[in-house]
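Beneath this line is the structure, given in structure tokens, with notes to follow.
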Amino acid sequence: MPKLRPETQQARREHILDAAERCIANAGFHRTTMQDICRAAAISPGALYVYFDSKEALIAGISERDRQEFAERLEAMASAPDFMQALAALGQQYFLADAAKDHRMAIDIGLEATRNERVGEIFRRFDRYIVESFEALFEKLKAEGRIAPALDIPTTVKAFLVVADGMFWRRAVDKDFDAERLLPAALKLIEALLNPSR
């Protein structure tokens, strides 16, 4: 059998990850089987196992893809002339544009991380990356005189993430949650926390 080109292999990986995300978002980590993912991706089990040997490997693939997407969004925000405006745009993407079922999938994986050590390792690695990325960004903005938080940067990041995680959770579990109305209030809290210079 001829070897597939790297771009074809990558496209197949992405297709499988898309199918896995849909299945886990709809049914949850435990109720989703590898057979469900094969059906959703319209591939054979043999084809799936060429790329991913378990649901945990699929979670690792989804996590890496999310990390790359987050890194691109954070880089755009870091270079924006108006940080708060860029943060508002990021909030609109995560809390208005992204589907609530995607948030439920992330929460489901977070809960699975408390029971499954392999998923826990993936989840903690991604969480550390988020924390360290915001710490580096806020240190940079502080050094440039663009923010002047009253708290030290690690504490500021933890408080910032509590607000963001709260919005994320509400968007996922409360069908009546009005993210569009609440986002400006959350941004006001964050503005008070960061104390940006104008």
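Observations
- Some residue of the range 182-196 being surrounded by fewer than 19 Cβ atoms within 10 Å (Cβ to Cβ), within 18 Å of the chain's Cα centre (by Cα) and more than 21 Å from residue 20 (Cα to Cα): yes
- Flag for residue 7 being more than 22 Å from the chain's Cα centre (by Cα) and over 22 Å from residue 128 (Cβ atoms): yes
- Flag for residue 118 being in a helix (DSSP H, G or I), assigned by TED's automatic domain parsing to the domain that holds residue 66, basic (Lys, Arg) and in contact with an Asp or Glu (Cβ under 7 Å, 6 or more places away or on another chain): yes
- Going through (1) exposed (fewer than 15 other Cβ atoms within 10 Å of the Cβ); (2) assigned by TED's automatic domain parsing to the domain that holds residue 136; (3) of a type in the set (A, V, I, L, M, F, W, C) one by one, residue 27 falls short only on (2).
- Complete set of residues in the range 124-164 that are touching an Asp or Glu at 6+ places or on another chain (Cβ under 8 Å) and over 18 Å from residue 188 (Cα atoms): 126, 153, 154
- Taken together, 127, 102, 82 contain a single residue that is closer than 30 Å to residue 158 by Cβ, assigned by TED's automatic domain parsing to the domain that holds residue 186, out of contact with any Gly (no Cβ under 8 Å at 6 or more places or on another chain) and touching a residue at least 60 places away in the same chain (Cβ under 8 Å), which is 102.
- Listed by position, the helices (runs of 4 or more DSSP H) inside the range 1-80 whose residues that are modelled with pLDDT under 95 and closer than 17 Å to residue 122 by Cα number at least 2 are 6-27, 55-78.
- All positions within the range 143-174 that are over 20 Å from the mean Cα position of the chain (by Cα) and among the charged types (D, E, K, R): 144, 146, 152
- Answer from 145, 91, 120 - the residue that is surrounded by 13 or more Cβ atoms within 10 Å (Cβ to Cβ) and in contact (Cβ under 8 Å) with a residue 12 or more places away in the chain: 91
- Annotation note: Cβ proximity below 8 Å between a residue of the range 56-76 that is without any contact (Cβ under 8 Å) to a residue 12 or more places away in the chain and a residue that is not acidic (Asp, Glu) (sequence gap 6+ or interchain) occurs for 76/86.
- Inter-residue pairs, beta-carbon under 6 Å, first modelled with pLDDT of 95 or more and in the range 157-186, second in a helix (DSSP H, G or I) and of a type in the set (Asp, Glu), 6+ apart: 157/135
- Scan of the range 135-159 for residues that are within 12 Å of residue 193 (Cβ to Cβ) and among the hydrophobic types (A, V, I, L, M, F, W, C), ordered by number: 138, 147, 148, 150, 151, 153, 157, 159
The values are calculated or read from the model by the stated rules, or taken from the named source; none is laboratory data. Values in this document were obtained by computation on a predicted structure and should not be read as measured data. So basically every Cβ, Gly included, is an ideal-geometry build from the backbone, and we count neighbours across all protein chains shown.
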